[in-house]
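Note sheet for the following structure.
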Amino acid sequence: MDGQEGVLIGGSPAYVGATMFKVHNDFREGCIDDLRISGRSAPLPPAVNNTPWGQASVFKGVERGCVAPSACTNVSCRPPHSCVDTWRSHHCGCGEGRVLSRSRMTCEDEDECDWQPCLSGSSCFNTQPGDGLGPYHEAPLLKWHEKLAPNNIILCECNFNFLSV
């Protein structure tokens with residue numbers, strides 16, 4: 001980022017004339033839903049070309065909406081794998097929240113507690129994928145949900161001790 005040049009999102013522009021430019025290594029596959037710089041919303045054309053914090057001076061191939069056709073249409077994976085859509089691409093795998101068993105014949109629940117996601121002395125309770133909730137953390141005075149991955153659950157139980165003086 002440069003005070004004169006601004007912030008570049010996508011490829012590197014090379015000016016080939018006073019008003020003409022060519023973009024090298026442009027961003028082609030993906031979707032940007034929100035852009036923030038130092039916590040402030042930056043403009044995303046064509047919906048918004050400027051904000052109090054800046055403006056989009058040059059943009060090309062940017063459009064509203066963020067839809068990609070299913071990459072798993074007409075794709076067959078060898079069992080126990082299924083097709084996993086990865087934004088205009090795919091891979092054959094067990095799906096989110098599941099891993100290939102040691103026998104390599106079935107997919108089984110991944111124990112997300114193995115990577116110790118619960119902090120501050122809390123306990124982790126692994127749950128089975130499929131109920132559509134994100135990880136669940138619970139404490140006597142505090143409950144919240146976070147999105148980890150579709151159909152994955154982590155239950156963290158926190159115990160707080162308060163001292164009064």
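The set of residues in the stretch 97-128 that are under 30 Å from G30 (Cβ atoms), touching an Asp or Glu at 6+ places or on another chain (Cβ under 6 Å) and without any contact (Cβ under 8 Å) to a residue 24 or more places away in the chain contains only V99. From the set of residues in the stretch 64-103 that are in a loop (DSSP other than H, G, I, E, B) and of a type in the set (S, T, Y), which is farthest from I32 (Cα to Cα)? Result: S103. Among the residues making up the stretch 1-19, those that are at pLDDT 70 or above and over 14 Å from S57 (Cβ atoms) are G11, S12, A14, V16, G17, A18. Do we find that S82 is surrounded by 11 or more Cβ atoms within 10 Å (Cβ to Cβ), under 30 Å from C31 (Cβ atoms) and modelled with pLDDT of 80 or more in this structure? Yes, satisfied. Taking the options A42, A71, A56, name whichever one is in contact with a His (Cβ under 6 Å, 6 or more places away or on another chain) and surrounded by 13 or more Cβ atoms within 10 Å (Cβ to Cβ). When all the criteria are applied, what remains is A71. Applying the selection to the stretch 20-31, what residues are of a type outside the set (D, E, K, R), assigned to a loop (DSSP other than H, G, I, E, B) and modelled with pLDDT of 70 or more? Hits for the stretch 20-31 are N25, F27, G30, C31. A count restricted to the stretch 104-154 and to residues that are part of a loop (DSSP other than H, G, I, E, B) and either at pLDDT 50 or above or not hydrophobic (A, V, I, L, M, F, W, C) (or both) stands at 27. When every residue of the stretch 76-96 is checked against the conditions, at least one turns out to be farther than 30 Å from G11 by Cα and in contact with an Asp or Glu (Cβ under 9 Å, 6 or more places away or on another chain).
With respect to D34, is the statement that it is among the acidic types (D, E), at pLDDT below 80, over 14 Å from G10 (Cα atoms) and within 22 Å of the chain's Cα centre (by Cα) true? So D34 fits the description; yes.
Within the stretch 55-94, the residues that satisfy the criterion of being small (G, A, S), at negative phi and out of contact with any Phe, Trp or Tyr (no Cβ under 6 Å at 6 or more places or on another chain) are A56, S57, S70, A71, S76, S82, S89, G93.
The values are calculated or read from the model by the stated rules, or taken from the named source; none is laboratory data. It should be emphasised that the depicted structure is a prediction, and the values quoted were computed from it without experimental measurement. With ideal geometry, Cβ positions are generated from the backbone for all residues, glycine too; neighbour counts draw on all protein chains shown.
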